[in-house]
Amino acid sequence: MQQLNSLIQEASNLGNARADQEVARIMQICNACRYCEGFCAVFPAMTRRIEFNTADVHYLANLCHNCGACLHACQYAPPHDFAVNVPLAMAKVRQETYIDYAWPHAMGRLYKQNGITLALASSISLIAFLLFTLALNGAIFMAPNGGNFYAIFSHNTLALMFGAVFLFAIFAIGIGVTRFWHQISPGAISGVAAAEATHDVLTLKYLGGGHGEGCNNEDDAFSLWRKRFHHFTFYGFMLCFASTSVATLYHYLLGLSAPYALNSLPVILGTLGGIGLLIGPVGLLYLNYKRDNAHGDANQKPMDRAFILLLLLISASGLGLLAYRDTSWMSIWLVVHLGFVMSFFLTMPYGKFAHGIYRTAALLKNAIEKRQKSKLQLGSD
């Protein structure tokens, strides 16, 4: 015990001038204690190291799912002098990940400082521009046309606008996660490791908390609602993406043009996805307001809420568009929906959306790393 306290005291003196240094300090303490070793993927990954460089810190921070279990289990958590708060320290580093690896880099810094302002300003600007375009064409209130969106904006116009914005977003995210991947040096990817990481991503395995009972939110009670609302949000988003993809195949491969019937596959997928993107974000927004600030970085709540709110507005406007597509209000609903979607695409490489991409990369590294021979070789000559 004396040796343990000595190690912890030494680690606690490292200081916390920067977020990555604070994580390194805390990981040294946790590596000496190891009480939370079975809680999630972070602590086993931690035990495979005796030092924590910048790459290790960013890897571990993105492997953390911020469930909060370790905070309530830790004997060195505040008000102890060592002030070990893993969720807070990891959350701060994750934000630095989004900024450090962002492309263009200036956009990451701008979004960090003005997340809500940037998201809402871009949405309002795009909606105003599209409304102005409609006004010039005299199409703000068109007579019902059977829900034909392309009578307002041609298919080629929409494909060009959204294709350019979407490709930019994918390109920017791709550059960022590639830089991250190269820095954490994961080694060769095997099929088994990729399958495990895919399973962990799709099931949100580590949002189950340390013992599978869920996350801590406003207190030390466990709840699975954070995991459930994440599932609604993730799969709602994927269903909406599937709806768009199927509609694209209908248009280009089958020669079937929109509007599609309410019982068609694109509309069914989009409706189910929209409902998921209502339930999930509403729940996550509620939990975000209720969550104890000790369970993360309170300074990031505005950025988190901007992302959740934007998803909610996309879903609500999309369902509104479906409900009013056979009325003269259809053009207004279309413009509002398109503005929110385009704003989401423009900001997604720099905001909360990026956490899913970097976390997936961290889970893949974890699946690869734990199959590799330990480099510590403790006890060897």
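Bear in mind that the values in this text are calculations on the coordinates, not laboratory data. Just so we're clear, the structure is a prediction, and the values are computed from it rather than from any experiment. No Cβ is skipped: glycine too gets one built from the backbone with ideal geometry, and neighbour counts run over all protein chains shown.
Laid out as a table, the results:
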quantity	calculated
Diffusion constant of the range 235-333 at 20 °C, which comes from Stokes-Einstein with the Kirkwood Cα-pair radius and 1.002 mPa s, µm²/s	142 µm²/s
Compactness of the range 292-375, expressed as Rg and Dmax over alpha-carbon positions, Å	19.1, 67
Over 19 Å [Cα-Cα, the range 209-273], rounded percent	49 percent
Label-point separation, residue 374 to residue 219 (7 Å along Cα→Cβ), nm	4.0 nm
Within straight-line cross-link reach of residue 370, aspartates and glutamates at Cα separation under 20 Å, skipping those fewer than 8 residues along the same chain	37, 51, 56, 196, 200
Sorted by Cβ neighbour density within 10 Å, fewest at the top, the residues 231, 295	231, 295
Spatially near lysine pairs across the range 101-368, Cα under 22 Å, sequence gap of 8 or more or different chains	12
For the range 101-368: Kirkwood Rh in Å [reciprocal of mean 1/r, alpha carbons]	20.2 Å
Mean separation of Cα contacts under 8 Å, 6 or more apart, over the residue count of the range 25-86: relative contact order %	31 percent
Exposure proxy ranking, count of Cβ atoms within 10 Å, fewest first, for 336, 165	165, 336
Pairwise label distance in nanometres, residue 179 with residue 360, each label 7 Å out on the Cα-Cβ vector	1.9 nm
At most 13 other Cβ within 10 Å, DSSP loop - GluC sites (Glu not before Pro), the range 21-77	51
Debye intensity ratio in log₁₀ form over the Cα atoms of the range 151-221, taken at each q of 0.20, 0.22, 0.25, 0.28 Å⁻¹	-0.96, -1.00, -1.08, -1.14
For residue 84, residues with placed amide H under 5 Å, excluding near neighbours	77
